[in-house]
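A short reminder: the numbers here are calculations on the coordinates, not readings from a lab. The structure presented is a predicted model; accordingly, all values stated were derived computationally and were not measured. Cβ atoms come from the backbone with ideal geometry, glycine included; neighbour counts cover every protein chain shown.
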Amino acid sequence: MEHLKIYQHGEISTPDTTLIIEGPVDPLSLSGYEMHPDLDAFRPPREQLAALVEIASLPEGRIILARDEATIVGYVTFHYPDELERWSQGQMEDLIELGAIEVANGYRGAQLGKRMLALAFSREQMENVIVFTTEYYWHWDLKASGLDVWEYRKMMEKLMKSVDMIWFATDDPEICSHPANCLMARVGKRVAHQSAEAFDRIRFQQRFMY
């Protein structure tokens, strides 16, 4: 299937600087940027930048980022789910994972997460796919945010709902392992009914829970 990628950019003025929100960013442009040292939630910044370049190179992959001149201070990734996860079992071309969203500590007051997501879903780029995200409490930066698990969960739900992603039930063991974990998704308006049904079958694999 064709994955629609419409590059867009905008500016956010803060008291100290002007930030650029842009994407989907191509691999060559990404290679010319550097990562803020605080962006280390998943791997060291230099390795994370290499991972972003790799994702941007995928046909379905897209990177939306916020940058302060040439320094990336926030990013969102979209790609197919990892082949080892249950979400890839249906081999659905129209099921895309919102894999990571991260903002450097000193830039978290500018609503960069919300703005990056808004850009990602703008101009009906995601209407022919199901976008899902798996929220696990062990990925959340509770220490830097000063929030407890439930406050952070509420913040993430509010962020995802800003682009019409909603909570979905599932029997996935990792999500069920803690009540704060959750699955959220958005079914695009041009997604085939068969794909929505296939997503349901992936969400529930223990028949008695279906």
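Quick notes on this one:
- The listed residues are Val191, Val131, and the only one of them that is in a loop (DSSP other than H, G, I, E, B) and surrounded by 15 or more Cβ atoms within 10 Å (Cβ to Cβ) turns out to be Val191.
- Scope segment 106-135; condition out of contact with any strand residue (DSSP E or B) (no Cβ under 9 Å at 6 or more places or on another chain) and farther than 13 Å from Val163 by Cβ; matching residues: Gly109, Asn128
- When segment 18-44 is filtered for residues that are in a strand (DSSP E or B), surrounded by 13 or more Cβ atoms within 10 Å (Cβ to Cβ) and either more than 19 Å from the chain's Cα centre (by Cα) or among the hydroxyl-bearing types (Ser, Thr, Tyr) (or both), the ones remaining, listed by number, are Leu19, Glu34.
- Every pair of residues 6+ apart whose Cβ atoms lie under 7 Å, when the first sits in segment 85-99 and is without any contact (Cβ under 8 Å) to a residue 12 or more places away in the chain and under 13 Å from Asp172 (Cβ atoms) while the second is among the acidic types (Asp, Glu) and surrounded by fewer than 15 Cβ atoms within 10 Å (Cβ to Cβ): Ser88/Asp82
- Condition met for Gly99 (of a type outside the set (A, V, I, L, M, F, W, C), under 15 Å from the mean Cα position of the chain (by Cα) and within 16 Å of Ala185 (Cα to Cα)): yes
- Candidates in segment 95-112 are the residues that are surrounded by fewer than 22 Cβ atoms within 10 Å (Cβ to Cβ) and charged (D, E, K, R); of these, the one that is nearest to Glu69 (Cα to Cα) is Arg108.
- Among (1) of a type in the set (A, V, I, L, M, F, W, C); (2) touching a residue at least 60 places away in the same chain (Cβ under 8 Å); (3) over 25 Å from His9 (Cα atoms) - the single one Ile130 does not satisfy: (3)
- Residues of segment 140-163 that are surrounded by 14 or more Cβ atoms within 10 Å (Cβ to Cβ) and either touching a residue at least 40 places away in the same chain (Cβ under 8 Å) or within 14 Å of Val187 (Cα to Cα) (or both): Asp141, Leu159, Met160, Ser162, Val163.
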